[in-house]
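Written out below as structure tokens is the structure these notes cover.
Quick note: the coordinates plus some simple rules give every number you see, no bench work behind them. What you see is a predicted model; the values in this text were computed from it and never measured. No Cβ is skipped: glycine too gets one built from the backbone with ideal geometry, and neighbour counts run over all protein chains shown.
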Amino acid sequence: MDKGIALQTHTAKYGVSLSTIANFTPSEFALLTPEALLEFCKTKLEGLDAQVKSGFLKQQRRNRLSGALSDLVASLNSKADKASGGVAAVDNNLKQTIVAQFDAAIRAAGGDQGLVKRLQDEKARFEATAFPPEGQEHNDAGVADWEMADFAEAVQNIQSDVNREGELEMIQLQSIMSQRQQALQMCTNMVQSLGQSAMGIAQNIGK
Amino acid sequence: MNDEKLSELATQFEQQNEDIAQLEAVLRTFGDVDISVPRAFLEELDELTAPRAATTPAMPVFGIRV
């Protein structure tokens, strides 16, 4: 099989004219079994799969983190306006809830050490205000509305950074998916053209 | 955030996997023959699927660096 199976069908894909095909030498083609071609295509596509799967995992983790931060911001904002009067010293329930929400966000931040550190710093700041050591209380161990607004703003800033990075990662993921689609389309076109060529040869036999 | 886009991409990923399975089925019908494949195809596919440098947030995505 020197010049391949009726390569005219490949011209559309590669923009090679029929006269150019006539000048092709065997070295411009590789002889492969269908198994080998399949293996080649699959290996190349699987190379992108690892990136796609890692991108999906990152996005899912970010979505969970963003959700945890939204819950935390909502709790902080619930006592951030003047009318609410902040968190009363005796309102241990809300204080503990907020600490638990900080912990959930820290867990969701997972391996991102920078984010974990920022959240831990904010949590420590909140705990120092809400549960001050004996003799160092101010606001009677409550958290003033303006302090709650300050905590809410700090957490919102963290959430904005998380979302911004997530958007960039999403663009990268979309780009890899598009690369995968293009690669798959190339393989499909190739296989279709091989199939049509084989059919053409079969029809010509015996004429 | 991004939940909807992510779900769309997951559907697209599944669809692509189904297409790969179909491709595999078609190739298997060719039987025990040698097929001649343009090297340009192999090279183009190789290039298309080669890992690309990740763009980090610290690196400008668009713009001209002087």
Worksheet item: If r is the Cβ-Cβ distance from residue B:39 to residue B:15 and R0 is 45 Å, what FRET efficiency results, to the nearest 0.05?
Response: 0.95
Worksheet item: How much FRET efficiency would the formula 1/(1 + (r/R0)^6) give for residue A:107 and residue A:128, where r is the Cβ-Cβ distance and R0 is 22 Å, rounded to 0.05?
Response: 0.55
Worksheet item: Each residue of segment A:30-41 in turn: what ³J(HN,Hα) in whole Hz from Karplus with 6.51, -1.76, 1.60 and θ = phi - 60°, glycine and Pro shown as x?
Response: 10, 8, 9, 7, x, 4, 5, 5, 4, 4, 4, 4
Worksheet item: So between residue A:42 and residue A:91, what do we pick up on full extension, going 0.36 nm a residue minus the alpha carbon distance?
Response: 11.7 nm
Response to the item:
At 20 °C and 1.002 mPa s, the Stokes-Einstein diffusion coefficient in µm²/s for segment A:72-207, with hydrodynamic radius from the Kirkwood sum on alpha carbon pairs, is 112
Response to the item:
Listed by chain and number, the residues whose amide H is under 5 Å from that of residue A:142, excluding neighbours fewer than 5 places away on the same chain and using placed H, are A:89
Fill in: Under-5 Å amide H pairs with residue B:35, H placed in peptide plane, nonlocal only
A:32, A:33
Practice prompt. Determine the gain in length on full extension of the stretch residue A:204-residue A:57; use 0.36 nm per residue of separation and subtract their C-alpha separation, reporting nm with one decimal.
Written response: 47.7 nm
Practice prompt. Starting from the Cα of residue A:185, step 7 Å along the direction of its Cβ; do the same at residue A:165; then give the gap between the two resulting points in nm.
Written response: 3.3
